[in-house]
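These notes are about the structure you will find just below.
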Amino acid sequence: MTWKGVINAYRAYLPFSAETPIITLNEGNTPLIRADRLAEAIAPKAGLKLYLKYEGLNPTGSFKDRGMTAAITQAVAEGAKTVICASTGNTAASAAAYSARAGLRCLVLVPEGKIALGKLAASLAYGAEVISIDGSFDDGLDMVREIVQRQPIALVNSINPWRLEGQKTGSFEICDQLNGRAPDWHCLPVGNAGNITAYWMGYQQYGKGLPRILGGQAAGSAPIVTGKVVEHPETIATAIRIGNPARWQQALAALDESDGMITAVTDDDILASWHKLAKLEGIFVEPASATGVAALQQQIALGEIDPVGKTAVCILTGHGLKDPGTAVSQAQTPITLPANVNALEDYLAQ
Ligand code: F0G
């Protein structure tokens, strides 16, 4: 059967009526990839069954499309003409794409100089009005929360409950792909905490078992780990550069109810996992997306997670091409050779 997006696939679990016209880019149905080489690297000889949910293969290159199809479908159903969000970049690109498809005006607020190039390029290409603010994501979120009180504009950040409705379909897919059961561990990066909230909702609703949730935050932006708002969050993983998550309480509930845990990983840990994903498994993600893997490796190394015989799923939230700047700055310089085969043979002999 042709895949027609997450709302069509899981309509029975979503609060849309059969008549609601769906705005979709056929998002979802992303691969769950077994990663034995990475498993061996982070948990040698433990028989860890590690799977990677490659959300970077969604239409705009991140998991945000799952929630955005729902939020924009609902905004259109309610007669909205304009939508707005604050974003570290991926929500912006997704909102821009689905708004274009629905014929809506779309405004996105992004922290100046802290949004990866691929996200900016896409948001502009889709025709969104991109507004750079001299503040953080958190400042932008305060602004958009306020403006929708004053103006007839629909807010499509994950404080919008429809976003979570769409994003919870990720849990359904994982259970389906694991032959009808949830994994033992579900590992993911945590920024504004919408995704951790949505996944937990999804597992609870689907009734195929419950994983323990492991959240990872970047050490310079780890408010939930430290229990304190971070006024000036910093991390190379700009997607999760957030100091005061909107879904903080729900994240704590998900962690508590799942007997889970949340931990901080350094930028070096994140980049090490980012390299491993690319070099051991051929999967190129943006840095934030490696945070779940880094958290899992850390907790196994500390003895807090016993990997023996366990099944773990790491959510790879965004594609590597989102952030070409970081990729290039982390890579070796390409080799330069004259354009002749002898030079190539000499190089091979070195
Ligand atoms: N990974 C990526 C690639 C993200 O873009 C985000 C969030 C997260 C993880 C964290 O998810 O916020 O639900 O906890 N990006 C938002 C944005 C904030 O504006 O694109 P979360």
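The values are calculated or read from the model by the stated rules, or taken from the named source; none is laboratory data. Fair warning: this is a prediction, and the values are worked out from it, not measured in the lab. Here the Cβ is made from the backbone with ideal geometry for all residues, glycine too, and neighbour counts use every protein chain on show. Just the protein is used for accessible areas: all its heavy atoms, side chains included, with ligands, DNA and RNA removed. Shrake-Rupley method; radii C 1.70, N 1.55, O 1.52, S 1.80 Å.
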>> Take the residues in segment 228-244 that are closer than 16 Å to residue 141 by Cα and open to solvent by less than 10 Å² (accessible area, probe 1.4 Å); name whichever of them is nearest to the chain's Cα centre (by Cα).
In response: 242
>> Kindly evaluate residue 73 against the criterion of being under 18 Å from the mean Cα position of the chain (by Cα), crowded, with 21+ Cβ neighbours inside 10 Å and modelled with pLDDT of 95 or more.
In response: no
> Looking at segment 46-65, which of its residues are under 18 Å from the mean Cα position of the chain (by Cα), under 19 Å from residue 295 (Cβ atoms) and not in a strand (DSSP E or B)?
Replying inline: 55, 56, 63
> Looking at this structure, is residue 344 open to solvent by 10 Å² or more (accessible area, probe 1.4 Å), over 23 Å from residue 193 (Cβ atoms), within 16 Å of the ligand (Cβ to nearest atom) and aliphatic (A, V, I, L, M)?
Replying inline: no
> Which ones in segment 88-107 are of a type outside the set (A, V, I, L, M, F, W, C), touching a residue at least 60 places away in the same chain (Cβ under 8 Å) and farther than 16 Å from residue 21 by Cα?
Replying inline: 88, 89, 90, 91
> Mind checking whether some residue in segment 253-268 is under 21 Å from residue 159 (Cα atoms), within 10 Å of the ligand (Cβ to nearest atom) and either modelled with pLDDT of 95 or more or among the charged types (D, E, K, R) (or both)?
Replying inline: no
>> Can you find a residue that is polar (S, T, N, Q), open to solvent by 20 Å² or more (accessible area, probe 1.4 Å), more than 26 Å from residue 94 (Cα to Cα) and more than 17 Å from the chain's Cα centre (by Cα) anywhere in segment 245-265?
In response: no
>> Out of 181, 163, I need the residue that is open to solvent by 20 Å² or more (accessible area, probe 1.4 Å) and either assigned to a loop (DSSP other than H, G, I, E, B) or at pLDDT 95 or above (or both). Which one?
In response: 181
>> Could you tell me how many of the residues in segment 184-219 are open to solvent by 20 Å² or more (accessible area, probe 1.4 Å) and either farther than 18 Å from residue 67 by Cβ or touching an Asp or Glu at 6+ places or on another chain (Cβ under 7 Å) (or both)?
In response: 7
> Looking at 49, 64, which is the one that is within 15 Å of the ligand (Cβ to nearest atom) and open to solvent by 30 Å² or more (accessible area, probe 1.4 Å)?
Replying inline: 64
>> I'd like the residue in segment 107-157 that is among the hydroxyl-bearing types (Ser, Thr, Tyr) and open to solvent by 10 Å² or more (accessible area, probe 1.4 Å) and, out of all such residues, is nearest to residue 241 (Cα to Cα).
In response: 136
> What are the residues in segment 29-40 that are under 23 Å from the mean Cα position of the chain (by Cα) and open to solvent by 10 Å² or more (accessible area, probe 1.4 Å), if any?
Replying inline: 29, 31, 32, 33, 34, 36, 37
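When residues of segment 208-223 are filtered for being of a type in the set (Gly, Ala, Ser) and out of contact with any Cys (no Cβ under 9 Å at 6 or more places or on another chain), how many remain?
Here the count works out to 5.
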> more than 15 Å from the ligand (Cβ to nearest atom), modelled with pLDDT of 95 or more, open to solvent by less than 50 Å² (accessible area, probe 1.4 Å) and in a helix (DSSP H, G or I), is that true of residue 294?
Replying inline: no
